[in-house]
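The values are calculated or read from the model by the stated rules, or taken from the named source; none is laboratory data. Everything numeric in this text was worked out from a predicted model, so none of it was measured. Positions of Cβ are generated from backbone atoms using ideal geometry, with glycine treated the same way; all protein chains shown enter the neighbour counts. Heads up: the accessible areas ignore ligands, DNA and RNA and are worked out on the full protein's heavy atoms, side chains in. Shrake-Rupley method; radii C 1.70, N 1.55, O 1.52, S 1.80 Å.
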Amino acid sequence: MNLLGNMTKKMCVFGALCCLLHMFIGTNFIQSLLIILVAFDVTGNILDMIWYFTPKHMLPDIQDKVVIVTGCDTGFGHEFAKKLDSLGVLVFAGCLYSEGDGARALKDSCSDKLKIIQLDVTQDDQVENAVKTVTSILEETKQELWAVVNNAGILNPGEIDWTPIEVFHKIFDVNTLGQVRVTKAFLSLLKKSKGRVVNVISVGGHFTFPLCVNYCMSKHALVSFSNGLRQELKKWFISVHTIEPWGYRTSILNESQIDSFCQNNWDNTSKTVQREYGEGYLDEVKRTIKEIMTSGAKPMSAVHEVVDALTHATVGKDPKMCYVPSFAGFLLKVGLSILPTELFNILMYNRFHKIDNSKPQSKKMK
């Protein structure tokens, strides 16, 4: 990473902003401190915006790189594995179902260089076997593992009140502890290459959205994990990068799957809670979730935005610390981040809650 070059650009913009603000605000201590704080924040945003419109370059020795990616059955991981393979990277595509349709599709569409490995990120033995497989092949090819890309994740929507605690455990085991488990297992190999860890998080790691609180909780934890990992691995010259996409219409937002998850969560809550909400409530929640997570999500044809971010973070020159796929997505994140908490909560309530629960339901459960 060209850290000196990045810092030089940032300091140039920072210095220019300080001068401009100084001209308009004044010179006393409080005002000078305000100038510095504002300039720091604005500098980062300006450079981030410019980045979307500048040429991106890959590492010159990209065909010598070896990368393991989790969650390659479908979605981001599936498309990313194909992209890396097309660039000549040796890819270990971790699949939950190594004999499933997703794995077979990768075999059919990729070169013989790509390796499918069985990898359930919640199972210690499978992670250990993956390390052994990767290590064995690296010894044969005389290569080093360059990057670990933690992509595997699940979504199980519903309200906290009627979502079983077991669902929270499952979400955290896959989304959060899965990344921790895989990263720790491969760190010894990464220390040799001074490579990269790339964690797929979500903007849900910075904002909390109703009806998918368990998911957002798991992603908030990943933000903390990635920040701490970055600090601790600096001495090993291993860099840590995060990908924070908004919603895309991959299999994680499959309508029938969302409907099934909601129904199962509702069926497994107590009859007392079900009666409190009323029979019609679940149907309204299902409609709301489907509307927001499917019609509001970008189509599968736009997944290349995430794949491009993953590619640059993994094998690009001068990778960013954090990627928000698409310029529009970045602007939306910045816009929401400056909202007062009270206003953000009002917006979320109005967007996600279509039922006034203070009024009697038209049809109560018996």
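Sorting W266, W51, W236 by accessible area puts them as W236, W51, W266; the probe is 1.4 Å, largest comes first, and only protein heavy atoms count. Quick note on segment 31-179: its Rg to Rh ratio, both from C-alpha atoms and Rh being the Kirkwood radius, is 1.11. Taking the Cα atoms of segment 133-189, the ratio Rg/Rh between the radius of gyration and the Kirkwood radius comes to 1.20. May I ask which of K56/K290; K107/K192; K113/K290; K107/K184 have a Cα-Cα span longer than 31 Å here? From the list (K56/K290; K107/K192; K113/K290; K107/K184), the Cα-Cα distance tops 31 Å for K56/K290; K113/K290. Take 126-133, 91-98, 205-212 and order them by the average number of nearby Cβ atoms within 10 Å per residue, most first; the result is 91-98, 205-212, 126-133. Ranked by solvent-accessible area (1.4 Å probe, protein heavy atoms only, all chains present), the residues Y281, Y215 order from largest to smallest as Y215, Y281. When segment 216-360 is described by a simple charge dipole with +1 on each Lys and Arg Cβ and -1 on each Asp and Glu Cβ, the residue from S260, F225, P299 located farthest towards its positive end is F225. Here r is the Cβ-Cβ distance between D124 and E342 and R0 is 45 Å; the resulting FRET efficiency, rounded to 0.05, is 0.55. Here's the list of aspartates and glutamates a cross-link from K65 could span, going by alpha-carbon distance under 12 Å and ignoring same-chain residues fewer than 8 apart: D85, E144. Under the simplified labelling scheme, the K56-S111 pair shows an inter-label distance of 2.0 nm, with each label point 7 Å from Cα along Cα→Cβ.
The modelled label-to-label distance for the pair S270/N227, using points 7 Å beyond Cα in the direction of Cβ, is 3.6 nm. In this rough spin-label picture, where each label sits 7 Å from Cα along the Cβ direction, the R351-K194 distance is 4.2 nm. Taking E144, E232 and ordering them by how much accessible surface each has at a 1.4 Å probe, largest first, produces E232, E144.
Comparing L189, N199, V131 along the charge dipole axis of segment 95-200, the residue lying farthest to the positive side is L189, per the Cβ-charge model.
Each residue was assigned an accessible area with a 1.4 Å probe, and for I46 the value is about 50 Å².
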